[in-house]
Amino acid sequence: MTSPLWRTKPVSSESNPKSELKRVFGPWQLIAMGVGVTIGAGLFSLTGIAAGQHAGPAVTLSFLIAAIAASFAGLCYAELAGMIPTGGSAYSYAYAGLGEGVAWIIGWDLILEYTVGAAAVASSWSGYVTSLLHDWGIKLDPRLLAPPLTPVTMPDGTMAHAWFNAPSIVIIGLVTALLMRGMSESSRINTIVVLIKVLVISGMIIACIPFIQRAHFHPFIPQNQGQFGQFGFSGVMRAAGLAFMAYIGFDIVSTAAQDTKNPQRTMPLCILGSQTICAIIYVIFSAVLVGVVDFHKLANDPSPVATAMDAVHVPWLGSVVKMGITLGYIAVIYGLLMGQSRIVMTMSHDGLLPSLLGRLGKRSSTPNITHLMTFIVSSLMAACLPIGLLADMASIGTLLAFIIVCIGVTALRYKAPHAPRHFRVPGGNFLIPCLGILACGSVMLSMGHVTWLRLILWLALGFVIYFTYSVRHSLLRKTRSQH
């Protein structure tokens, strides 16, 4: 008898006909979601660190290299999204190509990725909104702006310990409420928010262009400082590893197949389209940033956008940009929370999680119970854990998903060679998937041992749940036992 770990779902080119979700997403809504999630903390903070600590002006080259590396995984996602147009993203692809055990691993991993990712972005949003409110003369109690026991400076100059990060709870709650109103309304609001974010970034780039100094680009690749990753070509590659993290997010698009009109054709187009738009924005933005600000000043700058705005001496534009960034983070949290709910809902429909988690509200046609549970867990993480820990956990989870998707493309080329593919990864069965595995794997190996340990512990907890609950309740097991 075949082990439950290796049983696979049949490959179907039809989206789930039993889904009660309303198909409200067209190409523009999906691209907006992909761009909205991908352009976030990576653009607003990572560019300065990558330039100042590793690549110098060549950070533009680093973002281009990272875009090419991320595109390997993107191409694989595009093939599988058109081939298996069902909710669940990498989880569903793994279930069809690699078996239930691998599908469980990646589904459990994606639950971690999206929940922790939303917490990390909410924590970062807290800092921006606090700064914006300060500009408006509104000062919040510092003890409500950081994880518990974090040392903070009170208005009278005395030191105290923080209680929790309150604004992060507020933003996760607001986005959760938006999602629970229904996808039609929330998707329109999200598209508007993303449009505002892109316009603000474009306005900043246009305002900064006259202040670009050619001297800031010489030398384009600063001389290596005697250690791998500190400038020189090794620095460009180390910065590319950091920049790779800025491109994770396009996979959110593939979780929305059951909300999408004509997903077979729309999904591949929107995955690759959102990736291309983000790559162009990142490359241009990084070039403008190092052209306006000497890269040495960016080494430890958590808000390079604000630094660039100070350099051009346009105070009102600085406030507009800061407001645009604050609004833009909403689109990131929106995509992550929506993606997480779709993963959980798909797994519950397959019997691997309790059916209660996939139950839809009568009015909103959204999985409200899952939204509420995610709000509680993600809010606690955002309020109580440091952003660095959250960001590392979200990143390693995403990279693992990318690797499994790349493997899945090759597996399904052999398992289902004649299945309809509305998009096909070029280069044969191995080239692009292998390049994707190497690119993602190398970035994963560069991450700290503690981050790896947390991932292993989370996956171990997942296997306990799988073998005590999911194996017995699997819909695929019940279906096969009836035959």
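Values quoted throughout were computed directly from the atomic coordinates according to the rules given, and no laboratory measurement underlies them. As the structure is a computational prediction, the values presented were derived from the model and not from experiment. Every residue, glycine as well, gets a Cβ built from its backbone with ideal geometry; the counts of neighbours run over all protein chains shown.
Skipping prolines and chain starts, which residues have an amide H placed within reach, meaning under 5 Å, of the one on residue 229, given they are 5 or more residues away or on another chain?
234, 235
If each Cα of the range 334-412 is one equal point scatterer, what is log10 of I(q)/I(0) from the Debye formula at q = 0.13, 0.20, 0.22, 0.25 Å⁻¹?
The calculated log intensity ratios at q = 0.13, 0.20, 0.22, 0.25 Å⁻¹ are -0.54, -1.03, -1.10, -1.16.
Can you list the chymotrypsin sites (Phe, Trp or Tyr not before Pro) in the range 396-483 that are in a DSSP coil and have 16 or fewer other beta carbons within 10 angstrom?
Answer in residue order: 430.
When you count, for each residue, the other Cβ atoms within 10 Å and take the mean per peptide, how do 217-224, 338-345, 124-131 rank with the highest first?
Working: 217-224: 13.5, 338-345: 27.4, 124-131: 21.6.
Ranked from most to least packed, the peptides come out as 338-345, 124-131, 217-224.
Net charge near residue 116, counting Lys/Arg +1 and Asp/Glu -1 over other residues with Cβ under 11 Å of its Cβ? Write down the numbers at each step before the final one.
Numbers: positive: 454; negative: 109, 113, 392.
Summing Lys and Arg as +1 and Asp and Glu as -1 gives -2.
Between the range 237-289 and the range 151-184, what's the alpha-carbon centroid distance in Å?
First find each Cα centre; the distance between them is then 28 Å.
Sort 197, 415, 139 so that the residue with the fewest other Cβ atoms within 10 Å of its own Cβ comes first and the one with the most comes last.
Ascending number of Cβ neighbours within 10 Å: 139, 415, 197.
Helix-only estimate, please: 222 nm mean residue ellipticity of the chain, summing -39500 (n - 2.57) across DSSP H runs of length 4 or more and dividing by its residues, to the nearest 500.
Working: 16 runs with 301 residues, N = 483.
One gets -21500 deg cm²/dmol as the mean residue ellipticity at 222 nm.
From zero outward in steps of 20 Å, how is the percent of C-alpha pairs of the chain spread across the bins?
In whole percents, the pair-distance histogram is 24, 57, 17, 1.
Would you grab the residues whose amide H sits under 5 Å from the one on residue 162? Only those 5+ places off in sequence or on another chain, please, with H modelled 1.01 Å from N.
149, 150, 152
At q = 0.19, 0.24 Å⁻¹, what is the log10 ratio I(q)/I(0) for the range 57-161, with the Debye formula run over Cα points and no solvent?
One equal scatterer on each Cα of the range 57-161 leads to -0.99, -1.24.
Please state the charge dipole magnitude for the chain, taken about the Cα centre, from unit charges on C-beta atoms (+1 on K and R, -1 on D and E), reported in debye and rounded to the nearest 20.
Roughly 1460 debye, rounded to the nearest 20.
Residue farthest toward the positive end of the dipole of the range 48-144, with Cβ of Lys/Arg at +1 and Asp/Glu at -1: which of 61, 106, 75?
Of 61, 106, 75, it is 61.
Within the chain, which DSSP H helices have Cα atoms that stretch 18 Å or more along the helix axis and a mean Kyte-Doolittle hydropathy of at least -0.5?
59-83, 100-135, 166-180, 183-208, 232-246, 263-292, 315-349, 368-384, 387-415, 431-445, 449-465
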